[in-house]
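Here's the structure, in structure tokens; my notes come after.
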Amino acid sequence: STMSSEMPETLVADRYRLGRVIGVGGMGVVYEAEQVPLRRTVALKMLPSDRVGSEEAVERLIREAQALSRIEHPGVVRVIDAGRSSRGQAFLAMEYLEGRTLKQLLAEHGPLPWRWVLAAIGQCLEALEVVHRAGFVHRDIKPSNCFCCNCSSGDGTPLGAQVPIVKLIDFGIAKAVRSRRA
């Protein structure tokens, strides 16, 4: 039946069990998934079914993985694994982050406390500097790609009460910059 072909595999690459969808972007669908052998939760980005045939899209996802896997910095989402599923779908496994994007926070709270914003943006800029030094340009910095790890919804803590912990996410259109200026 055609239904089964649209259903995502239960186990991707023999080790990731897909859970709920936690994000949908131009470059893929992100699932909460269990890395079964290690019994840990990861974020698994997979190319949407209409992009599966696009070799260019697969190459982009693999490039994203290679770009990120070289960067170890608290302000950049950590890449754990990448490859193809048994159906040939490209996937990227990343650390699972809990919290909200700056876009979600703006939607929930309206204007955010300026000191908090300065701290959050400062962290994003530090992370960007590390990314640039590694020879990559993110090319898609916006509130939905800045993730606040200690901002969960409805826990009652006022936003300005603690220093944000912010990470850059979604390097889907990142570009490696070969020409290094002296």
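The values are calculated or read from the model by the stated rules, or taken from the named source; none is laboratory data. The structure presented is a predicted model; accordingly, all values stated were derived computationally and were not measured. Glycine gets a Cβ as well: all are built from the backbone with ideal geometry, and neighbour counts include every protein chain shown. In case anyone asks, the SASA skips ligands and DNA or RNA and just uses the protein heavy atoms, side chains included. Shrake-Rupley method; radii C 1.70, N 1.55, O 1.52, S 1.80 Å.
Results, tabulated for the structure shown:
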{"item": "Selected residue (criterion: nearest to residue 87 (Cα to Cα)) from residues of segment 18-62 that are at pLDDT below 85 and of a type in the set (S, T, N, Q)", "result": "49"}
{"item": "Single residue of segment 163-182 satisfying the filter (of a type outside the set (Lys, Arg) and modelled with pLDDT of 85 or more) that is farthest from residue 92 (Cα to Cα)", "result": "163"}
{"item": "Positions within segment 113-165 being surrounded by fewer than 11 Cβ atoms within 10 Å (Cβ to Cβ), out of contact with any helix residue (DSSP H, G or I) (no Cβ under 8 Å at 6 or more places or on another chain) and touching a residue at least 12 places away in the same chain (Cβ under 8 Å), in sequence order", "result": "139"}
{"item": "Filtered residue count, segment 123-162, keeping only those that are at pLDDT 90 or above, over 19 Å from residue 95 (Cβ atoms) and either assigned to a loop (DSSP other than H, G, I, E, B) or polar (S, T, N, Q) (or both)", "result": "2"}
{"item": "Candidate set: segment 1-17, residues that are at pLDDT below 90 and surrounded by fewer than 14 Cβ atoms within 10 Å (Cβ to Cβ); chosen: the one farthest from residue 93 (Cα to Cα)", "result": "1"}
{"item": "Criterion (at pLDDT below 90 and either within 14 Å of the chain's Cα centre (by Cα) or closer than 17 Å to residue 130 by Cβ (or both)) met by exactly one of 68, 97", "result": "68"}
{"item": "When residues of segment 71-94 are limited to those that are open to solvent by 70 Å² or more (accessible area, probe 1.4 Å) and within 26 Å of residue 126 (Cβ to Cβ), the one modelled with the lowest pLDDT", "result": "72"}
{"item": "Some residue of segment 24-44 being surrounded by 15 or more Cβ atoms within 10 Å (Cβ to Cβ), in contact with a helix residue (DSSP H, G or I) (Cβ under 7 Å, 6 or more places away or on another chain) and free of Cβ contacts under 8 Å to residues at least 40 places away in the same chain", "result": "no"}
